[in-house]
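Here is the structure we will look at, set down as structure tokens.
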Amino acid sequence: MKTYHPNGTNNLKWWQKATFYQIYPRSFQDTNGDGIGDLQGIINRLDYLVDLGIDAIWISPIFPSPMADFGYDVADYCDIHPMFGDLDTFDRLLAEAHGRNLKIILDYVPNHSSHQHPWFLESRSSRQNPRRDWYIWQDAKADGSPPNNWEAFFGGSAWEWDELTQQYYLHTFLPEQPDLNWRNPEVVEAMYNVLRFWLDRGVDGFRVDAIICLMKDEQFRDNPAVQPGSFWARWGNQLEPRYTMHLPETRQQIRQMRQVLDEYEDRVHIGETSAPEYIDLMPYYGDPLDGYDIPFNFNTLNAPWYAAGMRALIEDYYAVLPPGGWPNFVFGNHDVHRLATRYGHENHRSVGMLLLTLWGIPTMYYGDEIGMEDVFIPLEQRIDPWGINKPETDLGRDPERTPMQWNSSPNAGFTTGKPWLPLADNYTQVNVAAQLADEGSTLNFYKKLLRLRRSLPALHNGSFTFVDGQGDDLLAYQREANGQRLLVCLNFGAAERTIDLSHLTNRAETLLSTHFTNHSGTTFTLRPHESILLQLN
């Protein structure tokens, strides 16, 4: 059996031990009754996050924006949208979070701005404007059609015709999100100054949005058609983005961004990286580790829930990590359906057990700690452009962005107004207040697991070894550090399964079970879908 990370790491950086928690600010807590969450709402809930046991908060975009893509169309990179608050409120959030030993991570959106950003308004005003080359403009073909076949991720052509200047501009996402030209040094410096603006205020790092799209082919060559059943076909694409994603020049820009963050102490650099194969993800760490601290590993987001497949996915990932590269795991975020919906209510605690006991940095999504599920939203009520533009797919993101369920009062304690998205029908039962009062709740399971993760070095820095011979439905692995040995065993099946640990220990004690059962000895019977964390003596 191969042991990964066998020698541990001394002097870990804060982010190597941290549990990250993503907040979608529109949906976390509203304090002014407009039905949309705000920064004061996050401040009001900081004590909850401390009690939960997380270490760092990643906040989705809060910048001024027309909200065509709910903040990922930025109209001013150095301010706060009034619906969320203002810079003074943000500074207060930073101070309050730091006073509780919580880190704050902001979204950084470098690939595109809003079409209402002053830079783009200048760029499209005339071909002679000094900022014309800040965006990507091309002539039409002889027949007036777009310059090439590139498609927008949200559907349709990636090119939008501008009547005034008689050229097309590029938008990898919505027409309201024109792509910045990162081959222009003035753009590069302006965007690096955005980083410095927020770093000077004290933010602890950035999650960099859509980084794989940053650089495009200089020759503007057509993309080839996707192969049926391929990675890109699953996202509703007609074309393989060979000339619009993962270009080598992107990694050079990442290294330069990293140098900006390195001007400051103890900041973390996280990339929204997505690659069909793990080997394609590794270059984003840089060589030697001069890229992202955390290139997001999304391969677990849509992984089928069975023991052998999950083991293979984890082993394949660990096997190709560069020396010193730190793994990370993500099972939920604002772009995919909620994990309790994808994996089933009976498995969602086991997903948490896996996420928080693997060797690697975990990122949680708000509400997963109480088992929030997708909320069905009919086509006529959708507001997410992805779901509207691709109605034939299941890619709409409204269902996983609904308001946090705090209590059983009207609107789940999220707002005194009308929520911007509908609430789950079960919020009167599935909410924070109800679960805090129930010792066997999912929330209390997460709280106990997060405390164990923080207090047991083996969980955040121990060696990792799979344990064989436990049966087809079981996944077992050992974590060890400083003489402390832990075993995690997950029952993926719908039947009871027995594990025999006599070859590993003389006695094992239960630290935590998804079902809050207590076992001791060397032989254990796990209930259907039960997962367990054991101390080996």
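The figures follow:
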read-out: Neighbour-limited loop hits for trypsin sites (Lys or Arg not before Pro), segment 68-118 (at most 13 other Cβ within 10 Å; DSSP other than H, G, I, E, B); value: 100
read-out: Segments 337-345, 7-15, 355-363 sorted - mean Cβ within 10 Å per residue, highest first; value: 355-363, 337-345, 7-15
read-out: Gain upon complete extension [residue 98, residue 221; 0.36 nm per residue less C-alpha separation]; value: 39.5 nm
read-out: Geometric extent, Cα atoms of segment 57-137 - Rg, Dmax (angstrom); value: 15.3, 51
read-out: Modelled FRET efficiency - R0 30 Å, residue 335 with residue 189, Cβ distances, 0.05 increments; value: 0.50
read-out: Longest DSSP-loop-exposure-free segment, GluC sites (Glu not before Pro), the chain, at most 12 other Cβ within 10 Å; value: 1-162
read-out: Cα pair count fraction exceeding 24 Å, expressed as % - segment 202-356; value: 41 percent
read-out: q = 0.16 Å⁻¹: log10 I(q)/I(0) that the Debye formula gives for segment 269-426, counting C-alpha atoms only; value: -0.98
read-out: Fully extended contour minus Cα-Cα distance, from residue 388 to residue 418, at 0.36 nm per residue; value: 8.6 nm
read-out: Inter-label distance, nm, simple model (7 Å from Cα along the C-beta direction), residue 280/residue 454; value: 3.8 nm
read-out: Using a Förster distance of 35 Å, the FRET efficiency for residue 238-residue 381 (Cβ separation, nearest 0.05); value: 0.80
read-out: Residue 196 paired with residue 249, simple spin-label distance in nm, labels 7 Å along Cα-to-beta-carbon; value: 2.4 nm
read-out: Folded to 0 to 90 degrees: helix 442-455 orientation relative to the chain principal axis, Cα; value: 80 degrees
read-out: Residue 116-residue 525 pseudo-label distance in nm [points 7 Å out on the Cα-to-Cβ vector]; value: 6.3 nm
read-out: In order through segment 210-224: 3J(HN,Hα) via Karplus (6.51 cos²θ - 1.76 cosθ + 1.60), integer Hz, x for Gly, Pro; value: 6, 5, 5, 9, 4, 10, 10, 4, 5, 8, 6, 6, 5, 7, x
read-out: Net lengthening on full extension, residue 516/residue 498 (0.36 nm per residue, minus Cα-Cα); value: 4.8 nm
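Taken together, the values in this text are just the output of simple stated rules run on the coordinates, not laboratory data. The shown structure was predicted, so the numbers you read here are calculated from the model rather than taken from an experiment. Reconstructed Cβ throughout: ideal geometry from the backbone, glycine too, with neighbour counts over all protein chains shown.
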